[in-house]
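In what follows, a single structure is set out as structure tokens and then discussed.
The values are calculated or read from the model by the stated rules, or taken from the named source; none is laboratory data. Note that the structure is predicted; figures quoted are calculated from it, not measured. In this analysis, Cβ positions are derived from the backbone assuming ideal geometry, glycine residues included, and neighbour counts consider all displayed protein chains.
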Amino acid sequence: INHIVHNGGLYKRPFNEAFEETPMLVAVLTYVGYGVLTLFGYLRDFMRQWKIEKCQNATEREEQKDFVPLYQDFENFYNRNLYMRIRDSWNRPICSVPGAKVDMMERVSHDYNWTFTYTGRVIKDIINMGSYNYLGFAQKAGACQEAAAKVLSQYGAGVCSTRQEMGNLDKHEELEKLVARFLGVESAMAYGMGFATNSMNIPALVGKGCLILSDELNHASLVLGARLSGATIRIFKHNNMQSLEKLLKDAIVHGQPRTRRPWKKILILVEGIYSMEGSIVRLPEVIALKKKYKSYLYLDEAHSIGALGPSGRGVVEYFGLSPEDVDVMMGTFTKSFGAAGGYIGGKKELIDYLRTYSHSAAYATSMSPPVVEQIITSVKCIMGEDGTTVGEARVQQLAENTRYFRRRLKEMGFIIYGNEDSPVVPLMLYMPAKIGAFGREMLKRNIGVVVVGFPATPIIESRARFCLSAAHTKEMLDTALKEINEVGDLLQLKYSRRRLVPLLDRPFDETTYEETED
Amino acid sequence: MDVKRSYLYWLFCQFELITCSYLMEPWEKVLFYSFNLAVAGLLLYTAYICVAFHLSLAFQLLWSFLGNPRENALSVVK
């Protein structure tokens with residue numbers, strides 16, 4: 001039974017999140033598999049070194065063999081011995097718009113994934129369960145495409161300058177006002193690249209003498225931005241409010257490490273939806289903690305903007321909170337709006353400061369005009385300002401698809417991580433051979449999925465990640481579910497023992513380390 | 001018979017997936033399976049010797065309890 005948290009009225013709706021524990025037998029067998037592959041990896045490395053086998057990966061030159069070795073660490077070992085064997089599940093070239101169905105170029109490898117050749121055939125109409133196309137705006141026909149084509153013929157494709165020099169178009173101003181109105185904040189600023197939004201703006205906001213409290217499973221862009229800023233970074237356990245509160249208390253009580261002075265700023269970095277787990281941040285509790293301990297909140301809504309909330313305005317609307325409580329609302333246009341780029345929204349003083357001091361504004365080229373127009377059209381569509389109810393219908397379709405898909409997968413017996421309402425659905429695979437087998441079998445049945453292993457996830461918890469879309473019709477989902485069922489029976493992936501672990505709802509103290517203790 | 005064969009084949013596929021021999025090149029598979037078969041063969045042989053020896057001991061004990069005293073050094077009955 002799912003443990004439903006009603007935290008004294010902070011939550012207006014049930015918060016169902018579950019991360020079923022790895023079955024012991026599966027964990028042991030996964031280690032067995034990795035052990036066998038490691039042994040064979042050592043054998044192959046030995047053969048490569050003694051020239052029994054041709055060496056096809058990068059090595060040092062003959063003259064450099066006595067230098068400090070470059071390729072002996074675990075990542076390189078993993079790369080040449082384990083990743084190479086299943087490499088054909090990634091970097092697959094697609095040759096059409098990544099909508100609900102996609103075309104893919106067929107490729108084969110004759111030397112076990114070291115090189116690929118194209119057969120020339122194009123596999124058509126593969127059901128696309130891997131693209132971040134939550135509201136289905138990745139289209140090649142429709143209002144967005146026509147508007148973007150018109151702007152392309154008017155402005156061209158290149159901007160040839162940065163925001164601060166000659167690259168500030170009237171389209172950018174229009175976009176920023178629209179985004180600010182969409183989010184319910186005073187002002188917003190848009191950047192050309194979502195990763196660069198995070199990594200280039202966090203250093204502008206915090207510096208040395210500040211404290212950053214970041215979630216365990218934050219995205220690489222947040223981690224990079226935090227490290228570049230030079231502030232002290234402390235990590236709290238994933239979505240664990242007791243851990244966060246403990247860190248905040250310690251920070252306020254003890255201050256900076258050596259001098260005991262109070263911290264200049266405390267910034268909490270969280271994401272709206274975590275893409276590898278499918279979990280949603282506990283925003284009401286984070287905001288309550290932020291207000292109690294007087295710190296700032298940076299919310300990265302890369303996957304949740306457009307995908308959560310009754311009118312698609314993100315995780316703040318999903319919980320029924322006010323956008324003024326979040327100090328810095330960041331998001332990307334890549335996922336739900338079918339374009340590229342990122343934005344930051346907040347108070348007017350903050351955004352004016354970022355316009356002057358952000359690295360991205362000073363050095364990065366601004367967004368391309370057709371992309372800006374795509375975003376403007378899609379945001380207007382979601383808000384309903386283009387006169388139709390298409391946007392609202394898409395948001396509701398996504399929510400229905402999410403609930404249906406997750407319910408059916410759980411009934412079939414797979415282990416699914418994450419919150420009931422998140423459109424990111426990770427299905428656990430665990431064993432390394434099943435990662436490759438799952439990707440290949442699903443492609444044989446004309447369904448494109450994304451499988452993830454180490455280093456994006458912990459080494460035994462590899463998974464297949466489905467991203468649902470409003471463009472998926474129920475027939476497509478049913479076909480996909482039927483094939484997943486078949487492949488699940490073929491590969492024995494139905495590990496769930498239907499014993500969902502209740503979430504920890506009692507105070508966190510030094511003696512509890514796992515969420516599974518009684 | 002066909003069902004049994006396909007079940008055995010499915011079981012073999014599961015073995016391949018769990019031990020990751022699904023990902024190996026053919027010569028690696030040959031090496032791995034021959035090593036596995038050699039170890040399994042040795043285990044079976046050891047089990048056969050061990051079990052046969054202990055079973056024969058156990059039967060002798062049983063015979064002697066049933067009132068057929070056997071004139072050998074391993075008899076426990078006084």
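Structure above, values below:
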item	result
Residue match in the stretch A:54-64 (condition: at pLDDT below 90, assigned to a loop (DSSP other than H, G, I, E, B), over 23 Å from the mean Cα position of the chain (by Cα) and within 11 Å of another protein chain (Cβ to nearest Cβ))	no
Tabulated pairs, the stretch A:123-143, first of a type in the set (D, E, K, R), second not in a strand (DSSP E or B), C-beta under 6 angstrom, 6+ apart or interchain	A:K140/A:V97
Residues satisfying the stated conditions in the stretch A:312-367, i.e. closer than 25 Å to A:E400 by Cβ, of a type outside the set (V, I, T) and not in a loop (DSSP other than H, G, I, E, B)	A:E317, A:Y318, A:G331
Flag for A:F77 being of a type in the set (F, W, Y), away from every other protein chain (no Cβ under 14 Å) and over 30 Å from A:H472 (Cα atoms)	yes
Residue match in the stretch A:388-401 (condition: touching a residue at least 60 places away in the same chain (Cβ under 8 Å), surrounded by fewer than 17 Cβ atoms within 10 Å (Cβ to Cβ) and among the charged types (D, E, K, R))	yes
Filtered residues of the stretch A:274-311 (kept if touching a residue at least 40 places away in the same chain (Cβ under 8 Å), in a loop (DSSP other than H, G, I, E, B) and acidic (D, E))	A:E277
Tally of residues being away from chain B (no Cβ under 14 Å) and among the β-branched types (V, I, T) across the stretch A:13-53	1
Test: A:L244 is touching a strand residue (DSSP E or B) at 6+ places or on another chain (Cβ under 7 Å), assigned to a helix (DSSP H, G or I) and in contact (Cβ under 8 Å) with a residue 24 or more places away in the chain	yes
Condition check for A:N198: on the phi > 0 side of the Ramachandran plot and buried (at least 19 other Cβ atoms within 10 Å of the Cβ)	no
Scope the stretch A:65-98; condition assigned to a loop (DSSP other than H, G, I, E, B) and either touching a Pro at 6+ places or on another chain (Cβ under 9 Å) or basic (K, R) (or both); matching residues	A:K65, A:L82, A:R92
All positions within the stretch A:103-119 that are out of contact with any strand residue (DSSP E or B) (no Cβ under 8 Å at 6 or more places or on another chain) and of a type outside the set (D, E, K, R)	A:Y112, A:N113, A:W114, A:T115
Search result, residues across the stretch A:246-267 that are under 33 Å from the mean Cα position of the chain (by Cα) and among the hydrophobic types (A, V, I, L, M, F, W, C)	A:L247, A:L248, A:A251, A:I252, A:W263, A:I266, A:L267
Test result for A:R92, closer than 28 Å to A:F40 by Cα, within 14 Å of chain B (Cβ to nearest Cβ), crowded, with 16+ Cβ neighbours inside 10 Å and among the charged types (D, E, K, R)	no
Counted residues, the stretch B:20-43 - those being small (G, A, S) and either within 27 Å of A:I86 (Cβ to Cβ) or within 8 Å of chain A (Cβ to nearest Cβ) (or both)	2
Subset of the stretch A:280-303 [buried (at least 24 other Cβ atoms within 10 Å of the Cβ), touching a Lys or Arg at 6+ places or on another chain (Cβ under 9 Å) and closer than 25 Å to A:L248 by Cβ]	A:A302
Qualifying positions in the stretch A:433-451 - in a helix (DSSP H, G or I), within 14 Å of another protein chain (Cβ to nearest Cβ) and either farther than 19 Å from A:T30 by Cα or not charged (D, E, K, R) (or both)	A:A433, A:I435, A:G436, A:A437, A:F438, A:G439, A:R440, A:E441
Single residue of the stretch B:9-19 satisfying the filter (more than 15 Å from B:S34 (Cα to Cα) and within 7 Å of chain A (Cβ to nearest Cβ)) that is surrounded by the fewest Cβ atoms within 10 Å (Cβ to Cβ)	B:Q14
Qualifying residue in the stretch A:220-238 (condition: more than 18 Å from A:I266 (Cβ to Cβ), touching a helix residue (DSSP H, G or I) at 6+ places or on another chain (Cβ under 6 Å) and crowded, with 21+ Cβ neighbours inside 10 Å)	yes
Filter result for A:F15 (of a type in the set (A, V, I, L, M, F, W, C) and touching a Lys or Arg at 6+ places or on another chain (Cβ under 8 Å))	yes
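Let's see how each residue does on (1) more than 27 Å from B:L11 (Cα to Cα); (2) surrounded by 18 or more Cβ atoms within 10 Å (Cβ to Cβ):
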residue: A:I447; (1), (2): no, yes
residue: A:V452; (1), (2): no, yes
residue: A:P455; (1), (2): yes, no
residue: A:K474; (1), (2): yes, no
residue: A:T479; (1), (2): no, no
residue: A:R497; (1), (2): no, no
